[in-house]
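Below is one structure, written out as structure tokens; comments come after it.
Coordinate-derived values only; no laboratory data. A quick note: this is a predicted structure, and the numbers were derived from the prediction, not measured. Here the Cβ positions follow ideal geometry from the backbone for every residue, glycine too, while neighbour counts run over all protein chains shown.
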């Protein structure tokens with residue numbers, strides 16, 4: 001198989017009349033689409049893209065709400081060999097300004113309400129506006145195009161997807177995922193979790209993230225599974241879906257992040273429900289505390305499968321589907337994933353049981369960051385990808401994350417760069433400097449906090465800091481707690497001692 005498109009189209013043909021997607025807006029089914037219609041509609045949209053002049057390897061930004069038209073557009077872009085760049089439609093103007101300039105797209109597909117902002121950012125950008133609030137059957141702009149589509153030849157190293165991931169420099173990096181990366185990752189996940197056409201996935205994750213797009217959607221569609229696609233994560237609606245075991249919406253798989261599980265359990269309250277029809281609960285994108293592992297097991301009657309992955313690498317580790325699942329562990333390496341645990345100072349492998357940086361090799365790992373050769377060079381050492389994560393392996397071969405070399409904060413499954421937030425806070429004249437970090441939080445995994453040094457004559461500027469963050473940053477990036485200190489603790493080399501700062505919260 002040379003491309004993710006070939007895997008998808010083979011499945012479309014095999015399961016043509018079976019329902020592929022059931023899209024729920026709120027708690028009601030809005031549209032159900034069989035595999036054959038998913039194939040034909042994506043062919044039509046692909047032909048429109050070709051008519052617009054979109055070519056193989058062109059970057060196209062998807063800035064759309066979660067919807068069927070998002071998926072149709074994504075598959076259409078894959079079919080013509082264009083490179084899809086999904087971005088969070090909730091990003092603020094300052095965030096999108098950098099991303100759109102860096103991605104250099106030939107086309108930006110956007111929600112209608114974003115049109116004004118995008119024109120302010122760059123009036124020269126070619127945009128396609130879509131009203132994602134309309135039911136899919138009422139969206140007709142591409143439906144007059146032909147069902148017949150000429151196949152585009154794609155090689156394993158051709159790019160298919162760019163996922164932006166935050167870096168400690170504050171500038172997000174575009175991880176370029178090739179056809180080989182996408183195929184290997186999907187096949188690995190399907191194999192270890194035994195995903196098949198008898199499964200139904202409850203999909204409540206965002207589609208602009210590798211978790212929702214690659215780990216969940218790719219694997220389900222390629223396997224011929226039915227996807228119950230929720231327009232957003234609403235814990236009450238998710239519980240209503242998951243408890244159903246008689247209709248065609250009865251699910252067998254749920255993929256989530258720890259914060260989602262906390263909200264589900266809080267919503268569950270004292271209900272007596274049976275989830276015996278569910279065969280797989282997975283957790284990733286942030287560490288799952290041991291007590292939350294136990295709460296999930298008690299509430300849903302089955303141990304969750306904790307796993308680990310990155311935008312740049314796909315999924316790397318997973319606890320076994322059938323076998324011991326160790327709370328707090330990210331599990332075992334996926335097939336053909338090679339792992340070293342390296343002392344970041346000596347670059348030598350550490351002794352068993354000791355912590356070091358995870359270095360990885362696999363066909364799922366990117367070979368480059370978009371337009372960032374220096375960042376790419378720093379990420380690799382003799383062909384090994386340096387994850388920036390510190391961890392260890394136990395006597396049974398299970399792996400554990402213990403810390404991160406990078407200062408990336410993971411809150412609710414989302415990666416956040418402290419430098420990006422610090423640069424916003426530091427815009428205030430009353431601020432001398434600031435340091436943003438993540439501290440443990442039961443609900444979000446980590447919560448974002450800020451230590452600020454202000455000018456001696458300034459009064460209480462807490463509200464001013466909150467206001468400027470809200471103006472320039474997505475809500476989940478805004479600090480949950482702000483403290484004021486006289487100076488930031490530093491070592492002799494001038495580096496801020498963030499571990500010392502954490503003790504103040």
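Given the Cα-Cα distance of residue 104 and residue 191 and 0.36 nm per residue of separation, how much length would full extension add, in nm?
In short, 27.7 nm is gained.
Label residue 56 and residue 138 with points 7 Å out from Cα along Cα→Cβ: what is the distance between them in nm?
That separation, rounded to one decimal, is 4.0 nm.
Of the listed peptides 91-104, 305-318, what is their order by residue-averaged count of other C-beta atoms within 10 Å, with the highest listed first? Spell out each step's value before the answer.
Details: 91-104: 17.4, 305-318: 23.9.
Per-residue mean Cβ counts within 10 Å order the peptides as 305-318, 91-104.
Need one word for region 409-502: rounded, prolate or oblate. Basis is the Cα gyration tensor (sqrt eigenvalues a ≥ b ≥ c); a/c below 1.5 gives rounded, then a/b vs b/c decides.
Values: a/c = 1.86, a/b = 1.18, b/c = 1.59.
Oblate, because a/c is 1.5 or more while a/b does not exceed b/c.
Which peptide among 116-123, 78-85 comes first, and what is the full order, when sorted by highest mean count of other Cβ atoms within 10 Å?
78-85, 116-123
Going by Cα centres, region 118-142 and region 206-252 are how many Å apart?
Here the answer is 25 Å between Cα centres.
On alpha-carbon atoms, Rg over Rh for the chain using Kirkwood Rh?
Rg divided by Rh gives 0.96.
As a check on your grasp of the helix formula, calculate [θ] at 222 nm for the chain: sum -39500 (n - 2.57) over DSSP H runs of n ≥ 4, divide by the residue count, round to the nearest 500. Intermediate results must be reported in sequence, preceding the final value.
Values: 14 runs with 139 residues, N = 505.
Value at 222 nm, helices only, nearest 500: -8000 deg cm²/dmol.
Averaged over all directions, how much area does the convex hull of the C-alpha atoms of region 23-72 cover when projected, in nm²?
The number I arrive at for region 23-72 is 4.2 nm².
Could you tell me the distance between the Cα centroids of region 32-48 and region 338-371, to the nearest Å?
Here the two parts' Cα centres lie 41 Å apart.
Normalised by the number of residues in the chain, what is the relative contact order in percent for Cα pairs under 8 Å and 6+ residues apart?
Dividing the mean separation by the residue count of the chain yields 12 percent.
When the Kirkwood hydrodynamic radius is evaluated over all pairs of different C-alpha atoms of region 60-116, what value in angstrom, to one decimal, is obtained?
Kirkwood hydrodynamic radius for region 60-116: 11.7 Å.
Given all pairs of different Cα atoms, what value in angstroms does the Kirkwood hydrodynamic radius of region 46-169 take?
15.2 Å
Percent antiparallel among DSSP beta bridges with both residues in the chain, to the nearest 5?
Rounded to the nearest five, the antiparallel share is 60 percent.
Could you rank the peptides 132-141, 206-215 by their average count of other C-beta atoms within 10 Å per residue, with the highest value first?
Most protected by this proxy first, the peptides run 206-215, 132-141.
Please express the shape of region 287-397 as an equivalent ellipsoid: the semi-axes are the square roots of 5 times the eigenvalues of the C-alpha gyration tensor, given largest first in whole angstrom.
28, 17, 12
Using alpha-carbon pairs under 8 Å, 6+ residues apart, how would you state the relative contact order of region 1-40 in percent?
38 percent
Would you mind calculating the relative contact order of region 409-502 from Cα pairs under 8 angstrom and at least 6 residues apart, reporting the percent as a whole number?
27 percent
Enumerate the residues in region 83-97 having an amide nitrogen under 17 Å from the point lying 7 Å beyond the Cα of residue 232 toward its Cβ.
Output list for this probe position: 88-92.
Compute the projected area of the convex hull of the Cα atoms of region 151-283, averaged over all viewing directions, and report it in nm² to one decimal place.
In nm², the orientation-averaged hull projection of region 151-283 is 10.2.
Tell me, what is the FRET efficiency for residue 16 and residue 503 to the nearest 0.05, using R0 = 60 angstrom and their Cβ-Cβ distance as r?
FRET efficiency, residue 16 to residue 503: 0.50.
Once you place label points 7 Å from the Cα toward the Cβ at residue 396 and residue 271, how far apart are they in nm?
3.2 nm
Roughly how many nanometres apart are two label points built 7 Å out from the Cα toward the Cβ at residue 123 and residue 36?
Label-label distance for residue 123 and residue 36, simple model: 4.9 nm.
How are the C-alpha pair distances of region 235-295 spread across 5 Å bins, as whole percents from the shortest bin up?
Calculated P(r), rounded to whole percents: 4, 17, 28, 28, 17, 6, 1.
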